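The values are calculated or read from the model by the stated rules, or taken from the named source; none is laboratory data. This structure is a prediction, so every number in the text was calculated from the model and none was measured. All Cβ positions, even for glycine, are placed from backbone atoms using ideal geometry, and neighbour counts span all protein chains on display. Surface areas here come from the heavy atoms of the whole protein model, side chains and all, with no ligands, DNA or RNA. Shrake-Rupley method; radii C 1.70, N 1.55, O 1.52, S 1.80 Å.
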Amino acid sequence: MYKQVSKLIVYRDLGEDSILKQLADIFEDFDWYKDNVLGSSSAFSASKLEEMKDKKHISKESLITRIYGEIKRLLDLATDYGFDDNLWHNYLTFVMMTNENSFTLTSEKIGANEGSVNHFAKNDFKIFKALFDYNFYEIEKELGIDCFSTISSYKAIGKKERMYNYNVSSKVRALSKRLEKCEDEEGFFQEMTKFYADYGVGMFGLNKAFRIRNVGEQVDIYPINNTENVILNDLVGYEIQKKKLIDNTEAFVEGKPANNCLLFGDSGTGKSTCIKAVINEYYDRGLRMIEIYKHQFKDLSTVISMVKNRNYRFIIYMDDLSFEEFEIEYKFLKAVIEGGVETKPDNVLIYATSNRRHLIKETWNDRNDLEHGDGGELHRSDTMQEKLSLVNRFGVTINFSRPNQKEYFHIVTELAKKEPAITLSEEELCAEANKWELSHGGISGRTAQQFINYLAGKA
């Protein structure tokens, strides 16, 4: 195994601590142990004795301990991603799916291209094919273990989807099954380049949504493992609003000119749900979402620079966006959207939701043009224009208003149809929904959903 892994070229950067690299080192030490301990003779040359001093840490017990350590790591990875059946094949597939290198990044969302790099990629796929077919019999026999046989035919304990990253798991297991059927490196090449073309590579290829965090002085983008699996049809009503959002998003994923979007209006009307839904519906076409909070706006430029050269379309998502008078973070946002020296890349849009039409809190003093007194700003209208200039940088603004009672009852009845356990008549349903909204925050889509959840749980 060591000789095979050491010959990787394109996929060479596995990381010194990777399971594959560690197992390759263990298998190299096992080969030495087999040749020099199990098959030892009474006479050794001086150089051989010196080598044995260097390798004195190698023993049957140490090899078993190291192997079990890597098997434990493999089992942890399998738990995180819901691997099953052949964990060894799942792991190797996962490595190829997530390794960002010159070949995979070029193939991302495009697929195979003509070029000399394909020769080196096929060299590596030949090695991965050999690793897929690797026979662990000898090492298990000599060390008296059976862990490799066990993980090659593994039956995972059933668990709920929210306990692991189902989106990644399903793709890894499906691709692993297809690779098992490949006869040679050419088959691996076809399957992997097709996957890179369909989904991409690395965390952006496998995940829909991301957040950012600061790690020391660096900004890190990390995946959200389990996103809400909602689609636009789940949101009852608001057809005009949904169409405006779809039209803009459709243009964006097709590479046509598109605008930043602001979804504003009453709380509980489905603004955030709409944005989550478009991510789910356009994920297969290369759409990804990065959620960012107000206190992170200073890192916006850095985040955009990290994704501008990737072959995806990114929506920077800002939920419940609003600013108080004393907050100045909106200035970072203004500069990024429009007005900075560097042009915002074509593969990035900003989608925001807000309960405020103008995002920034206005006061009556803002509308009084002149203010007299020490330290006062002379022309208040200039202040108001400064505040309003942010919302003007969203080319598409979509209003989500609170439904009237008739619309509210329509939402309730449509949601109830999706819950077989609810058996109330439409008249009974509306009467109960009316009572519910009076004591639960008033009429809104969110109130309707909460009411249906209550009835379904009670049933």
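The table that follows gives values for the structure above.
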| quantity | calculated |
| --- | --- |
| Selection within segment 415-427 - surrounded by 14 or more Cβ atoms within 10 Å (Cβ to Cβ) and assigned to a helix (DSSP H, G or I) | 415, 416 |
| Residue within segment 149-172 that is within 22 Å of the chain's Cα centre (by Cα), within 19 Å of residue 185 (Cα to Cα) and part of a helix (DSSP H, G or I) present | yes |
| Answer from 9, 58 - the residue that is among the aliphatic types (A, V, I, L, M), more than 30 Å from residue 103 (Cβ to Cβ) and at pLDDT 80 or above | 58 |
| Near pairs, Cβ below 8 angstrom, 6+ apart or cross-chain, from segment 433-459 (modelled with pLDDT under 85) to any residue that is among the hydrophobic types (A, V, I, L, M, F, W, C) and part of a helix (DSSP H, G or I) | 440/451 |
| Among the candidates 200, 216, 255, residue that is under 23 Å from residue 349 (Cα atoms) and modelled with pLDDT under 90 | 200 |
| Members of segment 289-323 found to be open to solvent by 20 Å² or more (accessible area, probe 1.4 Å), acidic (Asp, Glu) and modelled with pLDDT under 90, listed by number | 319, 320 |
| Test set (1) at pLDDT below 90; (2) exposed (fewer than 15 other Cβ atoms within 10 Å of the Cβ) - residue 240 fails condition number | (1) |
| The lone exception for residue 65 - which of (1) among the hydroxyl-bearing types (Ser, Thr, Tyr); (2) within 22 Å of residue 202 (Cα to Cα); (3) loosely packed, with under 15 Cβ neighbours inside 10 Å it fails | (2) |
| Pairs where the first residue, in segment 90-111, is within 24 Å of residue 150 (Cα to Cα) and the second is open to solvent by 10 Å² or more (accessible area, probe 1.4 Å) and not in a helix (DSSP H, G or I), C-beta under 8 Å, 6+ apart | 90/84; 95/14; 95/18 |
| Tally of residues being in a loop (DSSP other than H, G, I, E, B), within 24 Å of the chain's Cα centre (by Cα) and surrounded by fewer than 21 Cβ atoms within 10 Å (Cβ to Cβ) across segment 261-285 | 0 |
| Matching option when the condition is farther than 27 Å from residue 110 by Cα and buried (at least 19 other Cβ atoms within 10 Å of the Cβ), among 235, 245 | 235 |
| Pick from segment 150-172, criterion modelled with pLDDT of 90 or more and buried (at least 19 other Cβ atoms within 10 Å of the Cβ), ranking: farthest from residue 1 (Cα to Cα) | 171 |
| In segment 86-112, residue most open to solvent (accessible area, probe 1.4 Å) [restricted to those that are in contact with a Ser or Thr (Cβ under 6 Å, 6 or more places away or on another chain) and at negative phi] | 112 |
| Among the candidates 191, 185, residue that is open to solvent by 50 Å² or more (accessible area, probe 1.4 Å), among the acidic types (Asp, Glu) and out of contact with any strand residue (DSSP E or B) (no Cβ under 8 Å at 6 or more places or on another chain) | 185 |
| Flag for residue 407 being acidic (Asp, Glu), open to solvent by less than 60 Å² (accessible area, probe 1.4 Å) and assigned to a helix (DSSP H, G or I) | no |
| Residues that are out of contact with any Lys or Arg (no Cβ under 8 Å at 6 or more places or on another chain) and in a loop (DSSP other than H, G, I, E, B), drawn from segment 14-31 | 16, 17, 18 |
| Some residue of segment 429-437 being surrounded by fewer than 17 Cβ atoms within 10 Å (Cβ to Cβ) and within 35 Å of the chain's Cα centre (by Cα) | no |
| Qualifying residue in segment 133-149 (condition: within 18 Å of residue 11 (Cβ to Cβ) and either modelled with pLDDT of 90 or more or open to solvent by 40 Å² or more (accessible area, probe 1.4 Å) (or both)) | yes |
